[in-house]
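Undergrad: Can you keep this structure in mind? I'll have questions shortly.
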Amino acid sequence: MEIIIVKDLVMRFGSFTANDRLTFSVAKGEIFGFLGANGAGKTTTMKVLCGLLKPTSGSVVVAGYDVALHPEKVKRNIGYMSQKFSLNDDLTVTENILVYGTIYGLGRAEIGKRTDAMLERLELTQVRKRLVKTLSLGWKQKLAFSVATLHRPSIVFLDEPTSGVDPVTRRRFWELIYEAAENDITVFVTTHYMDEAEYCDRVSIMNRGQIIALDTPQRLKQAHGVESINELFVRMVR
Amino acid sequence: MTALKGFIIKESKHILRDWKTLVILFVIPVALVLIIGYVVSIDVKDTVIGVYDKARDSESARLTARIASSGYFKPVKVITHDAEIAPAFRSGSIRMVVVIGERFGSRMLQNEGAVVQIIADASEANTAQLLSIYCEGVIQSFAAGEDVVVKPPVEVEVRMFFNPSLNGVYMSIPGIMALVLIIITAMMTSLSITREKELGSMEILLASPLTPFQIIIGKVTPYLALATINAVTVVLLGYFVFRVPMTGSWELLFLINFVYIFLSLALGILISSLAPTQMVAMFASLFGLLLPTMLLSGFIFPLENMPWWLQALSRILPPRYYVEAVKAVMIQGSTLEVVWQRLIVMVAFGLIYMAAAVKKFKIRLD
């Protein structure tokens, strides 16, 4: 089942075309890597998919709703985590969880139950009353991911979730991503780490507003006769 | 609704947790009222003056005593020569000299027209004028009591209505209220919204089921509460510490303040929708709000004395209407029939700002 269906998406800002006739789809439960150089138009696409930007033309259906017509229904069914900001520093761990839970319409009892389970799983129970700013970046990002999936969205959008995080924590973070995918949460992730791209079910590479490659990492490497996605990326985007 | 409530609680927690800012928010208004209240109030009280008694008779001594007992002046310096006056002013030891003309007593008794000259240090023009008016008043009343003085050809009687002692604080309290409320509400809301933009957390909020309108309400509500507390503090300080009279109705005063806070909030949202960073929002608030409120609301400098174009400018800035309305209610005891026009003007300003802000906010989203 396709959970994201993008057809001929065009996004223009004045005379600048950020997305030029994008067409792709993402299956339910898939981990979809969305690669591209800085300024390739990834963030714009992500914003359109999340209902933050209205496309200039083309159709975008996310979680069964057209983003141009029902952005609010789309927003209810997605989770969003950005690299730039994830949690409120001056609130405690549990307060952060509570805020997001309420914003997504969960009841207090339900939030309490999910919070306990989540903290247990992340081994963060002992720091639940601490302010988020006292946590390390790695812990913060793991917590942020769990918060973004607290309301059990059908898709979670991750915008460079691991930038600035050490390799060990990145690996643990990807374990969380796999866990989510096993629970049928579709993961749409942008990253600049090409080793992470290898972990994805499928990856797309974007350049100057267009998708220039899209397939499983294995098949892409074979088709272009390269050893790694890193090599492929450098060759295609140059 | 519960999502909105959760969001408002979160925003309040942010503010409460940042106790340093919170203290500033509560202390600054109080400090402003006290400082400006005492500085701006140039009421005449125990002002040190000099007396140059050329007559040295019993009547001149009685006049001097009368001036001393008025409570306005303290004749501390005895001047004996014209040349002493300017140096005394320069040294700052006195601000005014009362010169009692020669043969004061006998001229007075013989209806020849006694002469008293008031020489004031006009390097501070406003104070000089005020002092001379007061002194003239004291001398007039002295002369009237004697019943023998030559009446001047035209007698001008000056009476200051509503504020008989020309108390500067009466004027400054509404002005400070205008200042404090617009800063707390407009500046703090604009900073809080631009901070979200800078941190990138605005994106998270926009990607959530909260609507832009709910986000704005959530951001603004805690500051509405803060501004209300500030308004009450400032009014009470003015009422109890500076004895500003409250002759009108408290309900009306509250209504005026509420409208003004609404207007300031709208302005804050507008600023935040235009300013990309906190720094820009800060400067926009300071130069766009603080200075015009201080200079063009009629609270420190009388609008009537300004060139026409500054007067015209003051007419398109809302604080002027607020200051006028508050003064009308507190000092003149005016009712709604008098201030409704100013209320309407403020509501109109608020709606215009709000409409512009919402339009701008939407553009940014699309």
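The values are calculated or read from the model by the stated rules, or taken from the named source; none is laboratory data. Keep in mind that this is a model prediction, so the values were computed, not measured. For neighbour counting, all protein chains shown are included, and Cβ atoms are generated from backbone atoms with ideal geometry for every residue, glycine included. Quick note on the areas: whole protein, heavy atoms, side chains included, nothing else; ligands and nucleic acids left out. Shrake-Rupley method; radii C 1.70, N 1.55, O 1.52, S 1.80 Å.
Undergrad: Among the residues of the range B:183-202, count how many are of a type outside the set (A, V, I, L, M), in a helix (DSSP H, G or I) and more than 17 Å from B:Lys13 (Cβ to Cβ).
TA: First pass over the range B:183-202, keeping only residues of a type outside the set (A, V, I, L, M): B:185, B:189-190, B:192, B:194-198, B:200-201.
In the following step, the residues that additionally are in a helix (DSSP H, G or I) were identified as B:185, B:189-190, B:192, B:194-198, B:201.
Imposing the further condition that a residue be more than 17 Å from B:Lys13 (Cβ to Cβ) reduces the set to B:185, B:190, B:194, B:197-198.
Adding up the residues that qualify gives 5.
Undergrad: Return the residue satisfying two criteria in turn: it lies in the range B:236-260 and is open to solvent by less than 10 Å² (accessible area, probe 1.4 Å) and hydrophobic (A, V, I, L, M, F, W, C), and of such residues it is farthest from the other protein chains (Cβ to nearest Cβ).
TA: B:Val244
Undergrad: For residues that are acidic (Asp, Glu) and open to solvent by 50 Å² or more (accessible area, probe 1.4 Å), scanning just the range B:119-148, find the one that is modelled with the highest pLDDT. Working first, answer last.
TA: First pass over the range B:119-148, keeping only residues acidic (Asp, Glu): B:121, B:124, B:136, B:146-147.
Add one more test, that the residue is open to solvent by 50 Å² or more (accessible area, probe 1.4 Å), and what stays is B:124, B:136, B:147.
On the way: B:Glu124: 73, B:Glu136: 82, B:Asp147: 54.
The selected residue is B:Glu136.
Undergrad: Can you say whether B:Ser273 is open to solvent by less than 20 Å² (accessible area, probe 1.4 Å), touching a Lys or Arg at 6+ places or on another chain (Cβ under 7 Å), closer than 19 Å to B:Tyr353 by Cα and in the same structural domain as B:Gly350 (by TED's automatic domain parsing), as far as the supplied structure shows?
TA: Details: open to solvent by less than 20 Å² (accessible area, probe 1.4 Å): yes; touching a Lys or Arg at 6+ places or on another chain (Cβ under 7 Å): yes; closer than 19 Å to B:Tyr353 by Cα: yes; in the same structural domain as B:Gly350 (by TED's automatic domain parsing): yes.
Here the answer is yes, as B:Ser273 does meet what is asked.
Undergrad: May I ask you to verify whether B:Val323 is modelled with pLDDT of 90 or more and either part of a helix (DSSP H, G or I) or surrounded by 13 or more Cβ atoms within 10 Å (Cβ to Cβ) (or both)? Break it down into steps so the answer makes sense when it comes.
TA: Values: modelled with pLDDT of 90 or more: no; either part of a helix (DSSP H, G or I) or surrounded by 13 or more Cβ atoms within 10 Å (Cβ to Cβ) (or both): yes.
No, not satisfied.
Undergrad: For A:His70, all conditions in the list (1) within 19 Å of the chain's Cα centre (by Cα); (2) modelled with pLDDT of 90 or more hold save one; what is the number of the exception?
TA: All conditions pass for A:His70, except number (1).
Undergrad: Yes or no: the range B:111-118 includes at least one residue that is under 30 Å from B:Asn305 (Cα atoms), at pLDDT below 85 and under 31 Å from the mean Cα position of the chain (by Cα).
TA: The answer is no; no qualifying residue exists.
Undergrad: Scan the range A:46-78 for residues that are touching a residue at least 40 places away in the same chain (Cβ under 8 Å), buried (at least 17 other Cβ atoms within 10 Å of the Cβ) and either away from chain B (no Cβ under 14 Å) or touching a Ser or Thr at 6+ places or on another chain (Cβ under 8 Å) (or both) and jot them down.
TA: Result: A:Met46, A:Leu53, A:Gly58, A:Val60, A:Val61, A:Ala63, A:Asn77, A:Ile78.
Undergrad: Also: I want to confirm something. Restricting to the range A:89-128 and keeping residues that are more than 7 Å from every other protein chain (Cβ to nearest Cβ), touching a strand residue (DSSP E or B) at 6+ places or on another chain (Cβ under 9 Å) and part of a loop (DSSP other than H, G, I, E, B), which single residue is farthest from B:Ile9 (Cα to Cα)?
TA: Checked the range A:89-128; the qualifying residue farthest from B:Ile9 (Cα to Cα) is A:Arg128.
Undergrad: Counting only residues that are exposed (fewer than 14 other Cβ atoms within 10 Å of the Cβ) and not in a helix (DSSP H, G or I), how many does the range A:131-144 have?
TA: 1
Undergrad: Select, from A:Val147, A:Val168, A:Val156, the only residue that is buried (at least 20 other Cβ atoms within 10 Å of the Cβ), assigned to a helix (DSSP H, G or I) and of a type outside the set (Ser, Thr, Tyr). Give the steps one after another, and end with the answer.
TA: Numbers: A:Val168 fails: buried (at least 20 other Cβ atoms within 10 Å of the Cβ); A:Val156 fails: assigned to a helix (DSSP H, G or I).
So the residue among A:Val147, A:Val168, A:Val156 that is buried (at least 20 other Cβ atoms within 10 Å of the Cβ), assigned to a helix (DSSP H, G or I) and of a type outside the set (Ser, Thr, Tyr) is A:Val147.
Undergrad: Counting only residues that are open to solvent by 10 Å² or more (accessible area, probe 1.4 Å) and among the aliphatic types (A, V, I, L, M), which one in the range B:185-201 is farthest from the other protein chains (Cβ to nearest Cβ)? Write out each step before concluding.
TA: Initial filter on the range B:185-201 (open to solvent by 10 Å² or more (accessible area, probe 1.4 Å)): B:187-188, B:191, B:195-199.
Now narrow it down to the ones that are among the aliphatic types (A, V, I, L, M): B:187-188, B:191, B:199.
Details: B:Met187: 20, B:Met188: 16, B:Leu191: 15, B:Leu199: 5 Å.
Looking at the filtered set, the residue picked out is B:Met187.
Undergrad: Scan the range B:95-140 for residues that are within 19 Å of B:Pro75 (Cα to Cα) and touching a residue at least 60 places away in the same chain (Cβ under 8 Å) and jot them down.
TA: Once the filter is applied, which keeps residues that are within 19 Å of B:Pro75 (Cα to Cα) and touching a residue at least 60 places away in the same chain (Cβ under 8 Å), the range B:95-140 yields B:Thr127, B:Leu130, B:Leu131, B:Tyr134, B:Cys135, B:Val138, B:Ile139.
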